[in-house]
């Protein structure tokens, strides 16, 4: 996998995490235990830090960036779908960010919350715990997501972290 230092900013990848060889990780990025980063995902920690918790999946084509003074933090047991754009935001534990969505500066997605596929959550918004954000721009509906709603998906990707670490091999 391409890991790049940028000056003194260097990635830290937990040994039980799986980062696909076609993902790119640059600078001040931490990936926690049993987390996965899939092909063509780019995590670029240049102007601030990126933190990916434990047992979190960052799926194919996702872009995770930060902004000057605004870290991007993704909690534990989160599912970040395909082709998501996260920048300078906080995604709390046990949340799901659906494919193709955009979550921007200083947004806070509470625990057990859902950002629906294709949604755009603009600067400074808060998606409360157990809420969902759908649409462009995202409209928030509170108290509709139950605890554990995404647990099965998290379990699949934790399994995949171990499976891919053990068995993925390139064929030329």
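Laboratory data are not the source of any read-out in this text; all were calculated from the coordinates shown. On a predicted model such as this, the values are computed, not experimentally measured, just so you know. Glycine gets a Cβ as well: all are built from the backbone with ideal geometry, and neighbour counts include every protein chain shown.
Here are a few things to note about the model shown:
- Length gained when the stretch residue 3-residue 151 is fully extended (0.36 nm per residue, less Cα-Cα span): 50.3 nm
- Net length gained if the chain between residue 159 and residue 22 were fully extended (0.36 nm per residue, minus Cα distance): 47.3 nm
- Pairwise Cα distances in the stretch 3-167 exceed 21 Å for 38 percent of all pairs.
- Length gained when the stretch residue 171-residue 136 is fully extended (0.36 nm per residue, less Cα-Cα span): 8.5 nm
- Shape call, the stretch 21-72: gyration tensor on alpha carbons, a/c limit 1.5: oblate
- Centroid-to-centroid, using Cα positions, the stretch 37-101 and the stretch 125-154 are 16 Å apart.
- Computed from label points 7 Å out along Cα-Cβ, the spacing between residue 143 and residue 126 is 1.7 nm.
- Only Cα pairs under 8 Å and 6+ residues apart enter the sum, and on that basis the relative contact order of the stretch 3-167 stands at 15 percent.
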